[in-house]
Amino acid sequence: MQTFLTHSAEETKRLGKKLAKEIRAGALVCLEGDLGAGKTTFVQGFLEEMGAARPYVSPTFVIMKQYDLPTQRNGIERVYHADAYRVETKDFANLGFVEWCADKQGIVLLEWPERVQDLISCEALFINFVSKMDGEREIIVEG
């Protein structure tokens with residue numbers, strides 16, 4: 001377990017960029033935390049580092065957004081940014097979550113994993129975002 005403290009959105013994005021440099025294809029990254037805790041900001045940094053085409057928007061209403069990368073990075077050709085906030089487990093399964101996770105050239109970044117926890121393998125990387133005072137965020141990485 002590692003704990004990071006960020007003091008701005010830019011620092012949170014930099015942490016996302018750091019993970020993008022280290023992650024390998026086939027990973028599932030579960031992003032936990034309250035609304036506004038920095039999950040999407042972190043993902044924006046991750047996607048920027050991976051070279052994904054903009055815009056980087058929250059998939060809350062579209063459920064999943066796929067970013068095909070212009071060049072392969074660490075064996076990664078695609079990033080799936082998914083948000084389970086508005087769906088039930090069976091619906092998320094029907095949308096293709098298991099297939100996204102099985103993509104050996106992909107990465108899945110999942111916001112609100114607790115909503116679909118029955119679908120998550122024990123091999124996932126969990127990152128918990130906790131809002132503190134004055135824009136600070138405590139970011140805890142486990143797995």
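The values are calculated or read from the model by the stated rules, or taken from the named source; none is laboratory data. Source: prediction; values computed, not measured. Positions of Cβ are generated from backbone atoms using ideal geometry, with glycine treated the same way; all protein chains shown enter the neighbour counts.
Just to be sure, is Arg73 of a type outside the set (A, V, I, L, M, F, W, C), modelled with pLDDT of 95 or more, surrounded by 13 or more Cβ atoms within 10 Å (Cβ to Cβ) and in contact with a Gly (Cβ under 9 Å, 6 or more places away or on another chain)? It is false that Arg73 is of a type outside the set (A, V, I, L, M, F, W, C), modelled with pLDDT of 95 or more, surrounded by 13 or more Cβ atoms within 10 Å (Cβ to Cβ) and in contact with a Gly (Cβ under 9 Å, 6 or more places away or on another chain).
For segment 24-34, the condition holds for at least one residue, the condition being that it is of a type in the set (Lys, Arg) and in contact (Cβ under 8 Å) with a residue 40 or more places away in the chain.
Comparison of Glu99, Glu111 shows that the only residue that is at pLDDT 90 or above, farther than 11 Å from Ala27 by Cα and more than 13 Å from the chain's Cα centre (by Cα) is Glu99.
When segment 126-141 is filtered for residues that are exposed (fewer than 15 other Cβ atoms within 10 Å of the Cβ) and either hydrophobic (A, V, I, L, M, F, W, C) or under 14 Å from Phe97 (Cα atoms) (or both), only Met133 remains. Taking the criterion of being part of a loop (DSSP other than H, G, I, E, B), surrounded by 13 or more Cβ atoms within 10 Å (Cβ to Cβ) and of a type outside the set (Val, Ile, Thr), the residues of segment 9-59 that qualify are Ala25, Gly26, Ala27, Ala37, Gly38, Gly51, Ala52, Tyr56, Ser58, Pro59.
Checking each residue in segment 63-96 for being within 15 Å of the chain's Cα centre (by Cα) and either of a type in the set (A, V, I, L, M, F, W, C) or part of a helix (DSSP H, G or I) (or both) picks out Ile63, Met64, Ile76, Val79, Ala82, Ala84. Being at pLDDT 90 or above and in contact with a helix residue (DSSP H, G or I) (Cβ under 6 Å, 6 or more places away or on another chain) holds for only one residue in Leu5, Leu31, Leu47, and it is Leu31.
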